[in-house]
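Working notes, structure below.
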Amino acid sequence: MKKILVTGGAGYIGSHTAVELLNAGYEIIIVDNFYNSKPETIENIKKITNKDFLFYEGDVCDKKLLRKIFSENEIDAAIHFAGFKAVGESVAKPLMYYRNNIDSTLTLLETMQEFNCQKLVFSSSATVYGDPERLPIDEKCRLSVTNPYGATKLYIEGILKDLYISDNEWSIAILRYFNPVGAHESRLIGEDPNGIPNNLVPYIVKVANKELPYLNIFGNDYNTKDGTGVRDYIHVVDLAKGHLNSLNYILDHKGIDYYNLGTGKGYSVLELVKTFEKVNNVTIPYKIVDRRPGDIAVCYANPSYAKEKLNWEAKLGLESMLKSSYNFSKNTNHKKL
Ligand code: NAD
Ligand code: UD1
């Protein structure tokens, strides 16, 4: 049985991927410092899969800890989710973002090299396309970033490329996610940010639960179907399955490659709000406010390369994403923010 190290496996995407890996018969080891997650998620992954696995609590930037993990386990490949991800916070605290995202990656890569483990799946983001050169966005579109969070992803992509050039024994899949939403059908794992959410769906969920009074829609004067921003929302379970296919692929193929993980469909903020209301039978009051600085009008993937190379495509639609997000929230505590 292949052993896979999952960094940041207690987080939103990592926990869903852990479930898919365990269900597919992989042995996993999770390392997480719970900076942005909770210990109960580890127990919930075990509950969902009815499988056990090793968990190390600690920081991926801690070389001693990583050497301990690699010396205690014969690891075949790593999936690296651990990192900070809030765009606004990265503008306010750039050093913290560069330190954590880049240091954790370098520490992981150095340790992998030392222990002769050269297979990696890395969490990048569609944010590396900046204001996209063309639509739908394919992997060859020009790369540009507008904030420190995005810069960490772009730098890490560069580090991985240089590493591969230096040693062609590496096998690396760089996954550029579009907008992950939704939750596992068990309602045991999902996205539950602390405080006031930055992202659209977690915000709407809090409005639906009356923790927040209304949604602010950031601009209705974009050049889109109804003036509001258009994004490619992807169900986190589909995304998790994309990691499974990527892992299967890198275990058999050397090289470095880049894959868009999106659905290829764009929905506007208003379409999403209407769909949320319909499938969950709730009303979402909203106000149109100014554009959010740094936002782009439209972003959606051309996901055909992932289909061709990884035999992966998203299957779940917007209704399923929004139903599962709301269902998951009913399992968590609610307080007015
Ligand atoms: P998340 O915050 O839910 O999960 C990240 C996990 O990593 C958390 O459990 C956190 O505690 C842990 N972590 C952070 N730094 C760590 C460190 N130094 N050592 C150990 N653990 C650490 O985020 P997510 O949404 O699951 O995102 C996972 C990855 O995917 C991130 O790298 C993120 O940048 C990337 N990504 C996310 C999105 C998104 O919309 N969620 C989009 C594109 C890319
Ligand atoms: C944001 C990040 C992106 C990151 C992604 C996933 C920014 C500028 N971009 O993408 O780098 O990879 O999250 O974490 O932060 N919206 C509202 N009201 C809200 C929230 C959002 O109208 O309260 C709108 C936005 O203007 C946008 C859409 O909803 O049109 C989606 O926003 P969001 O969920 O924050 O994702 P992105 O901005 O696409």
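Read-outs: derived from the displayed coordinates by stated rules, not from any lab. The shown structure was predicted, so the numbers you read here are calculated from the model rather than taken from an experiment. Positions of Cβ are generated from backbone atoms using ideal geometry, with glycine treated the same way; all protein chains shown enter the neighbour counts.
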(request) Scan around Ala82 for amide H atoms under 5 Å from its own, H built in the peptide plane at 1.01 Å from N, and keep only partners 5 or more places away or cross-chain. (result) Thr7, Gly8
(request) Let me have the relative contact order for the stretch 216-337, percent, based on Cα pairs under 8 Å that are six or more residues apart. (result) 39 percent
(request) Could you line up Thr275, Thr152, Thr228 from fewest to most neighbouring Cβ atoms inside 10 Å? (result) Thr275, Thr228, Thr152
(message) Can you compute the label reach from Phe34? Point 7 Å from Cα along the Cβ direction, backbone N cut-off under 17 Å, restricted to the stretch 56-79.
(response) 56-60
(message) 5 Å is the cut-off here: which amide hydrogens, built 1.01 Å from N in the peptide plane, fall below it relative to Tyr286, excluding neighbours closer than 5 in sequence?
(response) Leu215
(request) Give the whole-number value, in cubic angstrom per residue, of the convex hull volume spanned by the C-alpha atoms of the chain. (result) 124 Å³
(request) Let me have the relative contact order for the stretch 135-281, percent, based on Cα pairs under 8 Å that are six or more residues apart. (result) 33 percent
(message) Give me the net charge for the shell around Tyr214: Cβ to Cβ below 11 angstrom, other residues only, Lys and Arg +1, Asp and Glu -1.
(response) +3
(message) Of the candidates Asn311, Asn33, Asn260, which one comes out as most mobile in a Gaussian network treatment of the chain with C-alpha springs shorter than 10 Å?
(response) Asn311
(request) Report ³J(HN,Hα) in whole Hz for each residue of the stretch 223-229, in order, from the Karplus equation J = 6.51 cos²θ - 1.76 cosθ + 1.60 where θ = phi - 60°; Gly and Pro get x. (result) 7, 9, 3, 10, x, 9, x
(message) Quick one: 3J(HN,Hα) in Hz for the stretch 53-67, Karplus 6.51/-1.76/1.60 with θ = phi - 60°, rounded, Gly and Pro as x.
(response) 7, 7, 10, 10, 8, x, 9, 5, 6, 8, 4, 4, 5, 5, 5
